[in-house]
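Written out below as structure tokens is the structure these notes cover.
Computed from the coordinates by the stated procedures, all read-outs in this text should not be read as laboratory data. The structure presented is a predicted model; accordingly, all values stated were derived computationally and were not measured. Cβ atoms come from the backbone with ideal geometry, glycine included; neighbour counts cover every protein chain shown.
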Amino acid sequence: MAREVAIVGVGMHPWGKYPEKTIVDMCVEATLKALQDANMNWREVGFVASGCSPWFHMGGLLIGNYMPERLGETGVPVVNVFNACATPISALREAYNAILNGESDTAIALAADKYSGGFFVPDKYVGPRDPDYLRFRMIGLTNPTVWALWARRRMHVVGTEPWHFAKVKEKNSQHGALNPYARYRKVFTVDEVLNSPMVCDPLTLYEICATNEGAAAVVLCAMDKAKNYNSKPIKVSAAIVATSQFGDPTLVIPYLSRSAKDALPIHSEIRNAAQRAYKASGLKPSDIDVVELHDGCSYHELAYLEAILDLELGESDRLLEQGATTINGKIPVNPSGGSSSLGEAISAQGLAQASEIVWQLRGEVGERQVKDAKVGLGQTYGLMGNCSICILERAF
Amino acid sequence: MEAKKKVPMKNDDGMPLFTWPSDNPQLIGSRCKACGEIVFPKRPQCPKCYTETEEEILLSRRGKVYSSTISYLAPWTMFKGSVPYSIGHVELPEKVLIPCRLALHPSGQPLPIGTKVELAIEEWGEDEEGNVVLMHLFRQI
């Protein structure tokens, strides 16, 4: 019988601006919190998978190796992963697989990021046919403009109105107000969101998440050892990465053309990852009690939820109108407040999602508790059509 | 003072993106000889069937808006003087979707989906050497 893997500890450094701390300082804090939560000593950690931050040289790219440098040179294997916004769950996947395949009985996935400077700009030109350079230079195609193109297509196809996008922000701001780890804890109304400055039609400033700083860590072990560390183990039922499929007309950053044959449903990388995650876990969309998904902007919450739960296009608008995606609704989405409230610390965001889901499944989040949540799903989407998904289940 | 040199924007390996100079400029793409799939810009390998039998083709000058937006922020120096600017996803008859600039409509609103548009070449900011860069965009017919 295949091994089962449990999460026995999580820890987060609050999301926000911390000019007095280095990225390594923040990562160490999150790591120590997660180890404390797991009643585990650093010397017991058998495998380290870290999410790299691309904005710093060694401190970001080799951040996993800074943990033994700070906490103790135990000889532990360290793997540093970068997968754009899909980085953190990709690191979780490495840690999960190390236990699943018997390489280790314990592991930690950890990540941190510090990029609170706003809009992304083109990276260095890497050579001929670099589409990322071309899309910025030729078209001025920033990430939010791509999302705006998706959003206006959605408005045309399923009748979503600007009101819906604003309502997503209002709902997430109500959730985020209850989260001590969130950077933005002010509640916004639909009118305030609609009246905030237009960034790229139809997306307004308050509907686009801010880039940010944060750190998070998740401690895992073989399920048969879980009770040694925590009386409330959470099973990792899937930790999956998948990419987009040719024939999907969705404009993927930084591609400069797409097939217009409409052969495949949109957001194929999310559908691919979700289907793989359901297959790996033996679960189905109706088993999911709580979702933490990647709301880079309000559009994502509507479109990604449909891809994750295999719903008809437009169904998320109805769920939103019914209040079904609030903490007390039938399928709560982003009870943490999402990236909308936390801000997005790219390389660490998925581990913040995993931490929130673990706390939800343990019943430890007070006012933002989803009642009797047993199964949670976390999802982040990475540049170039890379989607990561984890499914976590209560195992106590 | 010497007039500034006008140069067409090129793909970064020096490959032109459109025919120029021309009275009827066209985007340069490629078609897979094996499966017929068309992509832009021209590339050596087919993204659908993965064979390396691409041939150069000139794309239709007219298409229709698949989606469009207007950006009120410019994160990249070349666009600083151009705000607001319009971006679209244009569908060509070859069944290919191309993200590209759109000429800003006098109303200031994004062009409705389905609007018929035609390729034009316009001056588009200056490059690092101070040349005026010529760039393709689509304009409402």
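Sparsely packed loop sites in segment A:259-332 (the GluC sites (Glu not before Pro) outside DSSP H, G, I, E and B with at most 11 other Cβ atoms within 10 Å) comprise A:312. Toward the positive end of the charge dipole of segment A:146-242, with +1 on the Cβ of Lys and Arg and -1 on the Cβ of Asp and Glu, the farthest Cα among A:197, A:158, A:177 is that of A:177. Measuring nothing but how far apart in sequence close Cα pairs (under 8 Å, 6+ apart) lie, relative to its length, segment B:47-141 scores a relative contact order of 27 percent.
Order these by the 10 Å Cβ neighbour count, fewest first: A:390, A:200. Numbers along the way, then the final one.
Details: A:390 31, A:200 28.
Listed from fewest to most nearby Cβ atoms, that is A:200, A:390.
Please identify the GluC sites (Glu not before Pro) of segment A:42-111 that satisfy two criteria: DSSP loop assignment and at most 11 other Cβ atoms within 10 Å. Which are they?
Working: sites: A:44, A:69, A:73, A:94, A:103; in loops: A:73, A:103.
Sparse-neighbourhood loop GluC sites (Glu not before Pro): A:73.
Of the residues A:71, A:96, A:35, the one whose Cα sits farthest towards the positive end of the charge dipole of segment A:11-101 is A:96 (charges of +1 on Lys and Arg Cβ, -1 on Asp and Glu Cβ, taken about the Cα centre). Neighbour counts of other Cβ atoms within 10 Å put A:387, B:32, A:209 in the fewest-to-most order B:32, A:209, A:387.
Annotation: aspartates and glutamates with alpha-carbon distance below 19 angstrom to residue B:4 (same-chain offsets under eight excluded): B:122, B:123, B:126, B:127, B:128, B:129. The mean number of Cβ atoms from other chains found within 10 Å of a Cβ in peptide A:142-148 is 5, as a whole number.
Towards the positive end of the charge dipole of segment A:290-390, with charges on Cβ (+1 Lys, Arg; -1 Asp, Glu), say which of A:359, A:378, A:388 has the farthest Cα. About the Cα centre, the residue reaching furthest to the positive side is A:359. Mean sequence separation of contacting Cα pairs (under 8 Å, at least six apart), scaled by the length of chain A, corresponds to a relative contact order of 25 percent.
Taken about its Cα centre, chain A carries a charge dipole of about 180 debye when Lys and Arg each add +1 at the Cβ and Asp and Glu each add -1 at the Cβ.
Excluding residue A:347 itself, calculate the net charge of residues whose Cβ lies under 13 Å from the Cβ of residue A:347, where each Lys or Arg counts +1 and each Asp or Glu counts -1. Could the numbers behind the result be given before it?
Details: positive: A:114; negative: A:113, A:213, A:344.
Local net charge: -2.
Once you reduce segment A:24-45 and segment A:247-285 to the center of their Cα atoms, the two points are 36 Å from each other.
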